[in-house]
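The values are calculated or read from the model by the stated rules, or taken from the named source; none is laboratory data. Owing to the predicted nature of the structure, the values given are computational and were not obtained by experimental measurement. Every residue, glycine as well, gets a Cβ built from its backbone with ideal geometry; the counts of neighbours run over all protein chains shown. Side chains included, ligands, DNA and RNA excluded: accessible areas come from the protein's heavy atoms. Shrake-Rupley method; radii C 1.70, N 1.55, O 1.52, S 1.80 Å.
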Amino acid sequence: MTYLPVLVAFVKALIMISVVMGMAAYAVLAERKIAGWIQGRHGPNRTLLPLLGHIPILGRILTRIGIFQPVADGLKFIFKEDPVPGHVNLLYYFLAPCVAFIPAMTTMVVLPFGEMDGAPLVLANIDIGMLFILAVSSLGVYGIILAGWAANSKYPFLGGIRASAQMISYELAMGLSILPAFLWANAPGTETGLSLFNVVQSQDTVWLVFWQPLSALIFLVALFAETNRLPFDMPEAETELVSGYHTEYGSMKFGLFFVGEYTHIVIGSGVLVILYFGGWNFLPGFASPWPEGWLGGVFSTLWFLGKVLTVVFFFIWIRWTLPRFRYDQVMRLGWTVLLPLALANLILNAILIALFENWIV
Amino acid sequence: MAFKKLERRPLSWAERTYLPQILMGLKITLWNLFKKKVTLEYPDVRPVIPNGYRGIPTLVKDPRGREKCVSCQLCEFVCPPKAIRIQPGEISAEAENAHVEKAPREFDIDMLRCIYCGFCQEVCPEEAIFLQNVFSLNGYSREELVFSKSKLYEMGGTLPDEHYKWEKKRRAAEENEVHG
Ligand code: SF4
Ligand code: SF4
């Protein structure tokens, strides 16, 4: 019976992957729907599954809100013709989508999504969770750079260059903006470390966003840049670069980039919620009313998912509100505003903590 | 002329962070989210076609079901992309409208060439060709979209205009013969 733990872990991982993939697929739908609504359109509302779509009233409602659209999208990606341009570097061309996709799927391993009787619900509860996420998620940019390089044509190339420059510029600010959160979470006598679970547990009374609004803002902006979302979608920039790094990709290879991008958004929203918005803690100032046992696990997970979806909505909402930055503006914002701000914020918090510990306690 | 000089005051500190503006923008888009949608769900709901719309050109008959075109070929000559091809034909001497003398034997309009300019309708002395309000036209081959005479009449129908020019001509001719 030594296989049992492996099997359980395997099943858990499978469930996690399906949930995150499902969320990514429906994030695409949400993107299209919300884009439509904001622009006075309906968004996808015709895709109909036989049987399910023909249930009298419910079927019509489901069809109108586009519930079946991701299925159609997925099928389309799989069955589309998949031409390989003659001028590409074949090895890197095929490698790039995988390199972009795998890190996006890997980070979810350390992402806690709920608690049960004081223990985290997570695939792997490692105490350097935050470091792991930072390290692995920035690997995803290699996929983009490889894609830009392998495609051997100018627009993808420009997209790849922009992606790498942007990644380097915002990774710094992002890392620095996280530090104050961990500094405050690591009060003396606690064993928080860099564990994501403990950061959430430390926020059971006050969410860090009220305590550290500046860090939260910097992290949010950097997160937008890291996930290549508008207003920072330099690597894609449809109006300038056709569609950037994935211009030469079609069918499922493009699909991998696409799903990888939305997975990044879902995971990034999860990290934001964990770090600054209290994770699965109920409301600031209230003790979490989750009951003991597995029911508590379910409730806390649902509450966490609700928060993540809200942040995903915010991502989409921003996209259809703000225009894209110019490339030099992105660089200027990253190096001359966010980085010094994050540094100053870190130093200020360090001084505050020192004062706090030496004078007040 | 009086003009107003706009004062360009420097941006305040809050404005230079752009955050208030972003919040304003978010408010506007959030508001839009709940507004009534303006999309016309096309194949199910059709737009109202205004009068004078220039859709596909067709041939029309008069209220007595007779052919109006006299195959003068003016439309063929005026058509900028040369979409019209006419083969004139004689009207047999026994026919009741023999005095019209000519009618098209074949009348083809290539809908793929037509640019819906309406010149044919404008130039036609017999008011025999009219642009309809049909705007969506498709087919599986090029040949299918070259409309023949019968097809053009089928799509055109009848023009409800009680003005029978050739009746008057015939009467005038008969009176002339009596007097002449
Ligand atoms: S449609 Fe009018 S213009 Fe054209 S040949 Fe007939 S009568 Fe002449
Ligand atoms: S509408 Fe213009 S292009 Fe079309 S058949 Fe008439 S004259 Fe030719």
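Using all pairs of distinct alpha-carbon atoms, the Kirkwood hydrodynamic radius of region A:190-327 works out to 16.7 angstrom. Buried on complex formation within region A:32-55 (loss of at least 30 square angstrom of accessible surface versus the isolated chain, 1.4 Å probe, ligands and nucleic acids ignored): A:Trp37, A:Ile38, A:Gly40, A:His42, A:Arg46. Over region B:1-40, all Cα pairs binned in 5 Å intervals from 0 give whole-percent P(r) values of 5, 17, 12, 13, 13, 12, 11, 12, 4, 0, listed from short to long.
Could you tell me what percent of the accessible area of chain B is made up of carbon and sulfur, with a 1.4 Å probe and every protein chain present?
About 56 percent, which is the carbon plus sulfur part of the accessible surface.
Taken along its three principal axes, the alpha carbon spread of region B:1-124 comes to 94, 46, 27 Å, from the longest extent down to the shortest. The accessible area of A:Asp328, taken with all protein chains in place and a 1.4 Å probe, comes to roughly 70 Å². In this structure the amide hydrogen of B:Thr158, modeled in the peptide plane, comes within under 5 Å of the amide hydrogens of B:Lys61, none closer than 5 places in sequence on its chain. Look at the dipole of chain A built from charges on Cβ: of A:Pro56, A:Leu29, A:Ala222, the Cα furthest out on the positive end belongs to A:Pro56.
A Förster radius of 45 Å combined with the Cβ-Cβ distance from B:Glu94 to B:Tyr42 puts the calculated FRET efficiency at roughly 0.30.
Using a probe of 1.4 angstrom and keeping all protein chains present, the accessible surface of region A:219-322 works out to 33 square angstrom per residue. In this structure, the pairs whose alpha-carbon distance is over 25 Å, taken from A:Lys307/B:Lys37; A:Lys33/A:Lys307; A:Lys12/A:Lys253, are A:Lys307/B:Lys37; A:Lys12/A:Lys253.
Which of A:Gly293, A:Pro83, A:Leu241 sits farthest toward the positive end of the charge dipole of the protein assembly as shown, with +1 on the Cβ of Lys and Arg and -1 on the Cβ of Asp and Glu? Looking along the dipole axis, the top candidate is A:Leu241. Round to a whole number: what % of the accessible area of region A:11-95 belongs to carbon and sulfur, probe 1.4 Å? Ligands and nucleic acids excluded, carbon and sulfur reach 74 percent. Cys residues of chain B that find no other Cys beta carbon under 4.7 Å: B:Cys69, B:Cys72, B:Cys79, B:Cys114, B:Cys117, B:Cys124.
Once you treat every alpha carbon in region A:163-256 as an equal point and sum by Debye, what is log10 I(q)/I(0) at q = 0.13, 0.16, 0.25 Å⁻¹? Values returned for q = 0.13, 0.16, 0.25 Å⁻¹ are -0.60, -0.76, -1.22.
Using a 10 angstrom Cβ neighbour count of at most 12 plus a DSSP loop assignment to flag exposed trypsin sites (Lys or Arg not before Pro), which longest range of chain B is free of such sites? With trypsin sites (Lys or Arg not before Pro) excluded where exposed in loops, chain B gives B:83-141 as its longest stretch. Chain A and chain B together bury an accessible surface of about 1400 square angstrom, both sides counted, with a 1.4 Å probe and no ligands or nucleic acids included. Of the chymotrypsin sites (Phe, Trp or Tyr not before Pro) found in region A:246-308, those in coil by DSSP whose Cβ has at most 15 other Cβ atoms within 10 Å are A:Phe282, A:Phe286. Selection among A:Pro120, A:Ala151, B:Gly25 by position relative to the dipole of the protein assembly as shown gives B:Gly25 as farthest towards the positive end (Cβ unit charges, Cα centre).
Counting only Cβ charges, +1 for Lys and Arg and -1 for Asp and Glu, the dipole size of region B:32-180 around its Cα centre is about 820 debye. Once the 1.4 Å probe is applied to the protein heavy atoms, region A:97-194 comes out at 41 Å² accessible per residue. All alpha carbon pair distances within region A:1-122 were sorted into 10 Å bins beginning at 0; the resulting P(r) in whole percents reads 10, 25, 28, 26, 9, 1.
Scanning chain A for trypsin sites (Lys or Arg not before Pro) in DSSP loops with at most 15 neighbouring Cβ atoms within 10 Å leaves A:81-325 as the longest stretch between them.
Cross-link partners for B:Lys102 among the lysines, with Cα-Cα distance under 30 Å and sequence neighbours closer than 8 places in the same chain left out: B:Lys61, B:Lys68, B:Lys82, B:Lys149, B:Lys151, B:Lys165, B:Lys168, B:Lys169. Debye sum, Cα scatterers, region A:307-361, no solvent: what log₁₀ I/I(0) at q = 0.14, 0.23 1/Å? After summing over all Cα pairs, the log10 values are -0.69, -0.88. When A:Asp233, A:Asp117, A:Asp73 are compared by accessible area at a 1.4 angstrom probe, the order from most to least is A:Asp117, A:Asp73, A:Asp233. Pairwise Cα distances in the protein assembly as shown exceed 37 Å for 52 percent of all pairs.
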